[in-house]
Protein chains: 2
Amino acid sequence: MAHRAHNFSAGPAVLPVPVLEEIQRDLLSLPEVAASILEISHRGKPFLRILKQAEADLRALLSIPEDYAVLFLQGGSRLQFSMVPMNLLGEQFPSATYIVTGSWGKYAASEARKEATVEVGWDGQATNFDRLPQSHQLQINPAAGYVHFTSNETIQGVQFAAEPITGNTPLVCDASSDFLSRPIPINKYGLIYACAQKNAGPAGVTVVIIRRDLLERSRNSLPGYLNYKNHVDANSLMNTPPTFAIYALGLVARWLKNEIGGLENMLEQNRMQAQLLYDVLDESVGFYTGHAQPNCRSLMNVTFNLPDDSLTAAFLKEAEKHNLNSLKGHRSVGGIRASIYNAMPTTGVEQLASFMVDFRNKNS
Amino acid sequence: MAHRAHNFSAGPAVLPVPVLEEIQRDLLSLPEVAASILEISHRGKPFLRILKQAEADLRALLSIPEDYAVLFLQGGSRLQFSMVPMNLLGEQFPSATYIVTGSWGKYAASEARKEATVEVGWDGQATNFDRLPQSHQLQINPAAGYVHFTSNETIQGVQFAAEPITGNTPLVCDASSDFLSRPIPINKYGLIYACAQKNAGPAGVTVVIIRRDLLERSRNSLPGYLNYKNHVDANSLMNTPPTFAIYALGLVARWLKNEIGGLENMLEQNRMQAQLLYDVLDESVGFYTGHAQPNCRSLMNVTFNLPDDSLTAAFLKEAEKHNLNSLKGHRSVGGIRASIYNAMPTTGVEQLASFMVDFRNKNS
C-alpha cells in the first residue's frame, strides 16, 4: 500500500482514493478500449462516452437545467477572468459590477478592467478580506452586464452561504474552490466557472456553466478559443480538450453521486468536518485566531493564526511529523490554512483537530 | 498484462509503455511525497522539481539556448493561433506572413486575421495540400512581424524536411505534430509552439519556446493569461499549470533522452518506420495512392487512399481484427491515415506494413 499523508493542500488537492485507484488500474488500458485514456482520440467513441457521462453526472449532481450549457475548457479561472468580460460585455453592456471579497475577486476585477468598465459593488480590502457584505451593502448598477462574485475565497477563507441578492442582472460566479461541495440553485446564475483542482478533479480542466441566452452576446470577432459560443457549438471539442483531466473529473462526479450520495450529503459532511476545526479555534481562548469573521467562515479553507511566527513554524513542523501536510497559509494572510475539500476524509480532520488541541496544550 | 492494440491515432496518440508504467506505479503516491501527482500544489517543492527537470530535459534534447524561454501553457495550438499575433503584432509590426500548407496552417491564418493583417506567402489549397513550396516560391514581406509555417500537417501528411528560408523575419512554427520527433536548429526560430498530444505527452499542455527579445512586443493591455511575458516572468506558474500533463511530458522527455538516446536516434527510427509504409505504397502499383507528393511525405502521418470507399471500409474493419486501430483518415483527405509518432513501436509498423501487403494481395 502506497504511503499517503493527510493532504491539506489548497489546490491541486486531495482526491478520493477510489478515484485514484481506478485511474491506476486502467492506466495502461481502458476496459474494452485496448489503449490508455492518455492515448485515445478525443473524437473516438470511447472518449465521447466519457465526456457525455461526465456532463450527465454534473447535470444530475447540480440539477443543471437544459437551458444551460456545460463546457470543459483549459486555462484555469485566470483565463475565465478575461473570457467572461470579453464575451458578456461590449457595446450593449459596457460595464460590470464586481463584488471583491478576497484575492481572487481582486484579480478577476483587474483582468476585467482591461476589457471594459468595472464598477466595484463592494470591497473588503480595508479589513484584509475577513468578512463578506450583506446584500443591502452592495452597490449594483442595474444596467451592468453582470454582477461577478467569488463564492469562496481560497486564500482568506471566507465563503458566501448563499448567493448575494443582486436583482435581475445576470450573476456570474467564480466557484473554483467550492464547486461540487454543496448544492447550488443554478437558475440564480447567468454563468458559473470553476477550475477543477479543488473539489472536482486534477488541474487542467475548467468547468463553465452558462445560460444559453447569454451566448448571443459573444461576438464573432473574439479570438476563437475565447468565444464561449464556439465551445458550445462544438460540445467542448472545438480543439483537443484535456482528455485525462475530464476523465478524472468524471470519476470524481461519479464518486459524488454513487459513493457520497449527492451534494446534500457532501455538504453535510463538509459542514461537520469544518465544525470540528472551528470548534478547536473557538475553544482555544485566543491561542488560535481565525482570520474570517465567524458568520462567513469557509467550509473549504480554514484559516487561522498562532500567537507568533515561531509557534507557526513549530506547528507546521510538528504537523508534518504527524502526517498532516501542506498546512502553511498564504503569505497575504499568514499562519495556517487547512483546506478540507470534498475528498478529505473525516479521519484526517479529526487527526488535525486532535493535533491542534495537543499542540495548544503543550505551547500555551 | 493489460491488452493493448497498436494505436495509430493522430492524437492524443500512443505513449511509451515505460512512461505509462511509471505513471501507473506512482499514481497513488509519488516517491517521498506521500501524495499523488494529481494532488500536489504547483508551488510545492516536489512539483517545482518536476517542472524544472522537464524544462531541463527539453533544453538538453533540443539544445535550446539560454536566450530562449520555455513555457508550459494550456489551450492547445488553437489558443496559440491567437496568442502569437496578439503578442507579436501591433503598431510596430502590423502584419505577418503565413505559409499555408494544410488545414492547420489555414486555421492559424484565419485566427490571426482577427488580430492583424495576414499576408499569405504561399497556399497549397489548389492541390488539396499535397505538396510544399520551395523557398523561391514564397512571397515574404520583409516588413512582416513574423513568418508562420506548420512544420508537419497532421491531416494531409506533408512535412517540411528543413525550415523554409525566409530572410531575417522571425520564423514562427506550429510544430504540434512533429515536436521532439527530430532535432531542429532552434536559433533559426523566433517562436515554436506545440501541443503535447502527438510525440511529447498527453493532451492538456502546450509547449512554447520563444526568443526572449520578442517578449518586448507583448503589450500590458493583453488579457493576462494571453501575455507570454507574464508566463515567462512567472516561470509557467502564473496560475495553476496542468501539473499532471507536465509530469507526463517530463517522463516522455526523459525516455527520449535515456532510452532512445536523443533526437538523432529518434529521427533515424522515425525515418526507418515511415519508409516501411511508404515502400508498401510505392510497390502497390496504384492500389494504395499516397496523398502527399513523395518529396514532402511526412514521417509522422502516412496518408493514402484505396481504390474505392468499400475497400477503405473493409481495410479499416480487417485492420482492427489484427489489433491495428485508429487508422481512419480525416474526412478532408479520406482514406487511411497511419500516425506513427515517436512511441509507435517498430513492431506495430511492421505489422501494419505486412497487413497492407496481405490486404492488397487479397483485394487487387
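Going through B:LEU214, B:LEU277 one at a time, which residue ends up being at pLDDT 95 or above, of a type outside the set (S, T, N, Q) and not assigned by TED's automatic domain parsing to the domain that holds B:LEU62? Full working, then the answer.
On the way: B:LEU214 fails: not assigned by TED's automatic domain parsing to the domain that holds B:LEU62.
Of the residues listed, the single one that is at pLDDT 95 or above, of a type outside the set (S, T, N, Q) and not assigned by TED's automatic domain parsing to the domain that holds B:LEU62 is B:LEU277.
Which one of these is out of contact with any helix residue (DSSP H, G or I) (no Cβ under 6 Å at 6 or more places or on another chain), under 30 Å from B:ALA319 (Cα atoms) and modelled with pLDDT of 95 or more: B:GLU21, B:GLU55, B:GLU39?
B:GLU21
If you take the residues in segment A:228-257 that are β-branched (Val, Ile, Thr) and farther than 17 Å from A:ALA13 by Cα, which one is surrounded by the fewest Cβ atoms within 10 Å (Cβ to Cβ)?
A:VAL232
Kindly indicate whether A:LEU38 is more than 7 Å from every other protein chain (Cβ to nearest Cβ) and touching a Phe, Trp or Tyr at 6+ places or on another chain (Cβ under 9 Å).
In short, no.
Yes/no per residue for (1) among the aromatic types (Phe, Trp, Tyr); (2) surrounded by fewer than 24 Cβ atoms within 10 Å (Cβ to Cβ); (3) assigned to a loop (DSSP other than H, G, I, E, B); (4) over 15 Å from the mean Cα position of the chain (by Cα):
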{"residue": "A:ASN141", "(1), (2), (3), (4)": "no, yes, yes, yes"}
{"residue": "A:ALA161", "(1), (2), (3), (4)": "no, yes, yes, no"}
{"residue": "A:ILE165", "(1), (2), (3), (4)": "no, yes, yes, yes"}
{"residue": "A:SER177", "(1), (2), (3), (4)": "no, no, yes, no"}
{"residue": "A:ARG182", "(1), (2), (3), (4)": "no, yes, yes, no"}
{"residue": "A:GLY201", "(1), (2), (3), (4)": "no, no, yes, no"}
{"residue": "A:GLY204", "(1), (2), (3), (4)": "no, no, yes, no"}
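Can you tell me which residues in segment B:272-288 are surrounded by 12 or more Cβ atoms within 10 Å (Cβ to Cβ) and either within 14 Å of B:TYR341 (Cα to Cα) or among the aliphatic types (A, V, I, L, M) (or both)?
Passing the criteria: B:MET272, B:GLN273, B:ALA274, B:GLN275, B:LEU276, B:LEU277, B:VAL280, B:LEU281.
Across segment A:47-105, what is the number of residues that are part of a loop (DSSP other than H, G, I, E, B), touching a residue at least 24 places away in the same chain (Cβ under 8 Å) and surrounded by fewer than 22 Cβ atoms within 10 Å (Cβ to Cβ)?
Result for segment A:47-105: 9.
Restricting segment B:330-360 to residues that are more than 20 Å from B:LEU15 (Cα to Cα) and within 13 Å of chain A (Cβ to nearest Cβ), which is farthest from the chain's Cα centre (by Cα)?
In this case the residue turns out to be B:ARG331.
Do you know which residues across segment B:2-21 are over 24 Å from B:VAL208 (Cα atoms) and more than 8 Å from chain A (Cβ to nearest Cβ)?
Those that are over 24 Å from B:VAL208 (Cα atoms) and more than 8 Å from chain A (Cβ to nearest Cβ): B:HIS6, B:PHE8, B:PRO18.
Of all residues in segment A:22-35, how many are closer than 30 Å to A:THR346 by Cβ, facing another protein chain (nearest Cβ under 7 Å) and of a type outside the set (Val, Ile, Thr)?
Going through segment A:22-35, the residues closer than 30 Å to A:THR346 by Cβ turn out to be A:22-27.
Within this subset, residues satisfying the condition of being facing another protein chain (nearest Cβ under 7 Å) are A:23-24, A:27.
Those still in the list that are of a type outside the set (Val, Ile, Thr) too: A:24, A:27.
So the count comes out to 2.
Return the pairs, sorted by first residue and then second, in which the second residue is loosely packed, with under 11 Cβ neighbours inside 10 Å, the first residue lies in segment A:212-228 and is farther than 16 Å from A:ALA69 by Cβ, the beta carbons are less than 7 Å apart, and the residues are 6+ apart or on different chains.
Listed pairs, sorted by first residue: none to list.
Can you name the condition, by its number, that B:VAL147 falls short on among (1) farther than 24 Å from B:THR303 by Cα; (2) touching a residue at least 24 places away in the same chain (Cβ under 8 Å); (3) touching a Cys at 6+ places or on another chain (Cβ under 6 Å)?
Just one mismatch for B:VAL147, condition (3).
Exactly one condition in (1) of a type outside the set (A, V, I, L, M, F, W, C); (2) modelled with pLDDT under 95; (3) touching a Lys or Arg at 6+ places or on another chain (Cβ under 8 Å) is false for B:HIS136; which is it?
Condition (3) is where B:HIS136 drops out.
Which condition does A:TYR193 not pass, out of (1) in a loop (DSSP other than H, G, I, E, B); (2) within 21 Å of B:GLU39 (Cα to Cα); (3) aromatic (Phe, Trp, Tyr), if it passes all the others?
Going through (1) in a loop (DSSP other than H, G, I, E, B); (2) within 21 Å of B:GLU39 (Cα to Cα); (3) aromatic (Phe, Trp, Tyr) one by one, A:TYR193 breaks only (1).
What number of residues in segment A:227-248 are touching a Leu at 6+ places or on another chain (Cβ under 8 Å), assigned to a helix (DSSP H, G or I) and under 25 Å from A:LYS198 (Cβ atoms)?
7
Could we say that A:LEU299 is out of contact with any Pro (no Cβ under 6 Å at 6 or more places or on another chain), modelled with pLDDT of 95 or more and either within 14 Å of another protein chain (Cβ to nearest Cβ) or part of a helix (DSSP H, G or I) (or both) here?
no
Could you run through segment B:112-125 and say how many residues are buried (at least 22 other Cβ atoms within 10 Å of the Cβ) and either at the interface with another protein chain (Cβ under 10 Å from one of its Cβ atoms) or closer than 27 Å to B:SER221 by Cα (or both)?
So the count comes out to 2.
Please tell me if A:GLU283 is out of contact with any Asp or Glu (no Cβ under 7 Å at 6 or more places or on another chain), within 22 Å of A:ASN7 (Cα to Cα) and either of a type in the set (Val, Ile, Thr) or away from chain B (no Cβ under 14 Å) (or both).
Numbers: out of contact with any Asp or Glu (no Cβ under 7 Å at 6 or more places or on another chain): yes; within 22 Å of A:ASN7 (Cα to Cα): no; either of a type in the set (Val, Ile, Thr) or away from chain B (no Cβ under 14 Å) (or both): yes.
No: the conditions fail for A:GLU283.
Are any of the residues in segment A:322-342 of a type in the set (Ser, Thr, Tyr) and part of a helix (DSSP H, G or I)?
No.
The values are calculated or read from the model by the stated rules, or taken from the named source; none is laboratory data. All values derive from a computational prediction rather than experimental measurement. A quick note on method: Cβ atoms are made from the backbone with ideal geometry, for glycine too, and the neighbour counts reach across all protein chains shown.
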